[in-house]
Every structure is written in structure tokens, then in C-alpha cells.
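Report on the structure given below.
The values are calculated or read from the model by the stated rules, or taken from the named source; none is laboratory data. Predicted, not measured: the structure shown is a model, and the values here were computed from it. In this analysis, Cβ positions are derived from the backbone assuming ideal geometry, glycine residues included, and neighbour counts consider all displayed protein chains.
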Amino acid sequence: MTAGEPAADKVERFRSLHVPGTPLVMPNPWDQGSAKLLASIGFQALATTSGGFANTLGRLDGSVTRDEAIDHAAALVAAVDVPVSADLENGFADAPADVAETIGLAVDAGLAGCSIEDYTGRRDDPIYEFGLAVDRVRAAADAAGGRLVLTARAENFIHGRPDMADTIARLQAFQEAGADVLFAPRVVAVDDVRTLVGEVDRPVNVLALPGAPTVPELAEAGVARISIGSGFALVAYGAVVTAARELLDHGTLGWWAQAGPGRDATRVAFSSS
């Protein structure tokens, strides 16, 4: 890794890390400090988490604006030397032309990649109609023009529509529309993952949720990338809650025993800041 590496070189480095059967394990930091920490541990690429970032603002997932998401992504890009991809939700727009505008901002932010999903943001009608979903990915791919690695997400399973046939059809269409990586959150059963990988011709990302297969099992299934979403952010918040409850409810300080690893890790990760 070289400080000041051109954005185009980071894009190509990020692209080269997507190897089916030898998956890139890509964690999702939620601020600059966690990004520096994870990069210092040895992860080769990072991605933002829409939910984790929203939580830093005291909000729930889905409440961040486009400007906030782009500014946050740019801050993470500036904080680390590894490639950074961004969760850009549905592109913060319905119309393909507006999604393309979001992708242009992502390129300008120096991102190596980003994802666009087919979730509308509306509970009563959560998934974009097939044709519009494909048009949105095509507009995103055209706007990217190879200047970042575009991940297209089919959100059926994460929004109560466990329709594997439709999910595969969408991913196949997204592939033809120009997506570089394909992703169907909550498709985690190893047989389903293996089926999905076998039906497309692009690298596949899997979200490592509770009960998901292990990294070696996903590698055997042909997965090219594994992400964790807001997982690490929630672990961090959980640790704070546990320590705070001990202090508030019992007045004891046993929680300090858990602070040592964090102190040591931040001293290493932040020493060059």
C-alpha cells in the first residue's frame, strides 16, 4: 500500500481482490477511527455501512442523506490507504438519471467501489419493478464508466420476499446492465449461495450474518467477497452497553479489563495520525 496512490490504481487493486473461491473479507467501519483500526489489523479493503454510520449520528439505517453519505465516504477514503467502497443504499433516488448523478459524486469522492440496491425505501412497495431496477443499474454502470467497482444488490430476501428465482433473474440482468459485483443480502444458506454463484458470471458478495456459513465454507461455494454490514459497529455498541450497565447497576469497574486491547490497538492504528 502506498500513501497517495492514485484513485484509478486503487480501483484496479480493489477489482483484483475479487477472486471466486478466495474471497476478499471486507469489514465495514463506521467512522474514521474504526477505518484506521481495521486497516491497521490487515484488511485489504473496507466498505462503509449505512446502518453503522447512521448510528453515529443517533439515527437508524435509511435516514442518512446523500450528501452525508458521500462526505462520510470521502472522509474514510482520506483516512486509510486501502480501497474503500460505499454503501449508497438506493442511490438516494428513484430515477436512473439521479442514480447516475450519485455515482458521479462517488467517483469524485475517490471511492474504489460502491453499491446500489433495488430497495425503494418504501415498506408498502419495497422492491423496484424489474425493468426500472435494471435501468437504474445500467445508469449507474454508465456513470461509473469503469472508474469504480459497481456492486448491484437484489434486496428481495432482506425485505421479506425470499424468491430465489426472481433474485437470480435480477442479478443476471444487473450483470448484463454492467454491474461488476453481485449481492443478494440474506441469501446465506450454503446451497443457495452455491446455486446463486453458479447462475451468474460476476463475483458474488455474501453478507456474513448470524448463522451464515464460515469463510472457508463460502470460499468453497465460490464466493468472491464477504462483508459484515453493521456487525462490528453493533459489537462495539454492545460492549459499551455491557460496561455501562455494570457501572450504573453495580458500581463496579470490571469492564476496564476489556479496555486494554482497544487501548493497545488504537495506539498502533493512530500513531501516524
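Output the residues belonging to region 197-211 that are of a type outside the set (Asp, Glu), in contact (Cβ under 8 Å) with a residue 12 or more places away in the chain and farther than 14 Å from residue 21 by Cα.
200, 207, 208, 209, 211
Test of understanding: among 69, 7, 75, which residue is modelled with pLDDT under 95 and within 26 Å of residue 104 (Cβ to Cβ)?
Exactly one residue qualifies, and that residue is 7.
Conditions first: (1) modelled with pLDDT under 95; (2) closer than 23 Å to residue 121 by Cα. Residue 211 passes all but one, so which condition is the exception?
Among (1) modelled with pLDDT under 95; (2) closer than 23 Å to residue 121 by Cα, the lone unmet condition for residue 211 is (2).
Within region 79-104, restricting attention to residues that are closer than 30 Å to residue 42 by Cβ and touching an Asp or Glu at 6+ places or on another chain (Cβ under 8 Å), which residue is surrounded by the most Cβ atoms within 10 Å (Cβ to Cβ)?
That would be 89.
If only one of 19, 107, 11, 25 is of a type in the set (Val, Ile, Thr), touching a residue at least 24 places away in the same chain (Cβ under 8 Å) and buried (at least 20 other Cβ atoms within 10 Å of the Cβ), which one is it?
Just one listed residue meets the conditions, 11.
Among the residues of region 120-155 satisfying the criterion of being surrounded by 20 or more Cβ atoms within 10 Å (Cβ to Cβ) and within 17 Å of residue 186 (Cα to Cα), which is farthest from the chain's Cα centre (by Cα)?
Only one residue fits best here, namely 127.
Which ones in region 30-50 are touching a Pro at 6+ places or on another chain (Cβ under 6 Å), within 15 Å of residue 111 (Cβ to Cβ) and assigned to a helix (DSSP H, G or I)?
35
For the condition in contact with a strand residue (DSSP E or B) (Cβ under 7 Å, 6 or more places away or on another chain) and among the small types (Gly, Ala, Ser), what is the one hit in 47, 74, 79?
Exactly one residue qualifies, and that residue is 47.
Can residue 48 be described as surrounded by 15 or more Cβ atoms within 10 Å (Cβ to Cβ), in contact with a helix residue (DSSP H, G or I) (Cβ under 6 Å, 6 or more places away or on another chain) and either modelled with pLDDT under 95 or of a type in the set (Ser, Thr, Tyr) (or both)?
yes
Would you pick out the residues in region 3-29 that are within 19 Å of residue 180 (Cα to Cα), in a loop (DSSP other than H, G, I, E, B) and hydrophobic (A, V, I, L, M, F, W, C)?
17, 19
Which pairs have Cβ atoms under 6 Å, sit 6 or more apart or on different chains, and link a residue in region 44-72 that is more than 25 Å from residue 23 (Cβ to Cβ) and of a type in the set (Gly, Ala, Ser) to one that is modelled with pLDDT under 95 and surrounded by fewer than 21 Cβ atoms within 10 Å (Cβ to Cβ)?
none
Out of the helices (runs of 4 or more DSSP H) lying entirely within region 156-273, which hold 1 or more residues that are under 20 Å from the mean Cα position of the chain (by Cα)?
Result: 164-177, 190-199, 215-220, 231-245.
Against the condition assigned to a helix (DSSP H, G or I), farther than 21 Å from residue 222 by Cβ and either touching a Ser or Thr at 6+ places or on another chain (Cβ under 8 Å) or among the hydrophobic types (A, V, I, L, M, F, W, C) (or both), how does residue 116 come out, does it pass?
Taking the combined requirement at face value, the residue does not satisfy it.
Of the conditions (1) in contact with a Lys or Arg (Cβ under 8 Å, 6 or more places away or on another chain); (2) buried (at least 21 other Cβ atoms within 10 Å of the Cβ); (3) not hydroxyl-bearing (Ser, Thr, Tyr), residue 225 fails just one. Which one is it?
Residue 225 satisfies every listed condition except (1).
Being crowded, with 24+ Cβ neighbours inside 10 Å, not in a helix (DSSP H, G or I) and not β-branched (Val, Ile, Thr): is that true of residue 76 here?
no
Out of 150, 105, 111, which single residue is assigned to a helix (DSSP H, G or I) and not β-branched (Val, Ile, Thr)?
Answer to the check: 105.
Any chance you could count how many residues in region 154-186 are within 22 Å of residue 124 (Cα to Cα) and of a type outside the set (Phe, Trp, Tyr)?
17
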